[in-house]
1. Measure off 7 Å from each Cα along the Cα-to-Cβ vector at residue 112 and residue 79, then give the distance between these two points in nanometres to one decimal.
2. Across the stretch 114-121, in residue order, what do the Karplus-derived ³J(HN,Hα) couplings come to in whole Hz, using 6.51 cos²θ - 1.76 cosθ + 1.60 with θ = phi - 60° and x for Gly and Pro?
3. Loop-only trypsin sites (Lys or Arg not before Pro) in the stretch 55-142, please: DSSP not H, G, I, E or B, and at most 10 other Cβ atoms within 10 Å.
4. Residue by residue through the stretch 68-83, which ³J(HN,Hα) values in whole Hz follow from phi under the Karplus form 6.51 cos²θ - 1.76 cosθ + 1.60 (θ = phi - 60°), with glycine and proline marked x?
5. What's the extension gain from residue 39 to residue 52 if we count 0.36 nm per residue and subtract their Cα-Cα distance?
6. Give the percent of DSSP beta bridges with both residues in the stretch 2-145 that are antiparallel, rounded to the nearest 5.
7. Once label points are set 7 Å from the Cα along Cα→Cβ at both residue 24 and residue 125, what is their separation, rounded to one decimal in nm?
8. Given the protein chains as shown and a 1.4 Å probe, how many square angstrom of residue 125 are accessible, to the nearest 10?
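The values are calculated or read from the model by the stated rules, or taken from the named source; none is laboratory data. Remember, it's a predicted structure, so these values are computed and weren't measured experimentally. Cβ atoms come from the backbone with ideal geometry, glycine included; neighbour counts cover every protein chain shown. Side chains are part of the model used for accessible areas, which takes the heavy atoms of the whole protein and leaves out ligands, DNA and RNA. Shrake-Rupley method; radii C 1.70, N 1.55, O 1.52, S 1.80 Å.
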Amino acid sequence: MKIILFQPQIPQNAGNIVRTCAVTGTDLMMVHPLGFSTHDRWLKRAGLDYWEGVSVSFIENLENYLENQQASFYFFSSKATTLYTEVSYAADSFLIFGSETSGLPSIFQEKWGNRFVKIPMKPKVRCLNLATSAGIALYEAWRQQGFM
């Protein structure tokens, strides 16, 4: 399984997601431009020594990347109508999360609207923290795989 962060802005979130990836055996991909340097001390601090156990890679163009993939993928968005628990994840699924400040571009919704899922929240609340959302989603997908 892979977590994809679309143009992440906050290094501490990415660092915390690295820790979640490390304990679940999940790869992490980040789409440029990033809102921080990969040498940022807050990024390193949040990820502690977990960086060494995680495959981290970078993507320049997510749309092109997804068009050339065979794996299933899901976008997590507060604007979706399908709950994240209502889809079946495969062992090679990509879980895609938008930027903390601007979310995901509308082109993805227009092109792959049926692949948008949401984590339920109370009405009139903005959104969950990115690292929290990634953890919730990843553990549901992993649970569906029998934690293998």
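1. The two pseudo-label positions are separated by 1.6 nm.
2. These are the phi-based 3J(HN,Hα) values: 6, 10, 9, 10, 10, 9, x, 9 Hz.
3. Working: sites: 79, 111, 115, 118, 124, 126; in loops: 79, 124, 126.
Here the trypsin sites (Lys or Arg not before Pro) that fit, given the DSSP loop and packing criteria, are 124, 126.
4. With coefficients 6.51, -1.76 and 1.60, one gets 9, 10, 8, 5, 6, 9, 9, 9, 9, 8, 5, 8, 6, 10, 7, 6 Hz.
5. Numbers: separation 13, 0.36 × 13 = 4.68 nm, distance 1.41 nm.
Using 0.36 nm per residue and subtracting the Cα-Cα distance, I get 3.3 nm.
6. Values: 1 of 22 bridges.
Once the DSSP bridges in the stretch 2-145 are tallied, antiparallel ones form about 5 percent.
7. 2.0 nm
8. Here the residue's solvent-accessible area equals roughly 80 Å².
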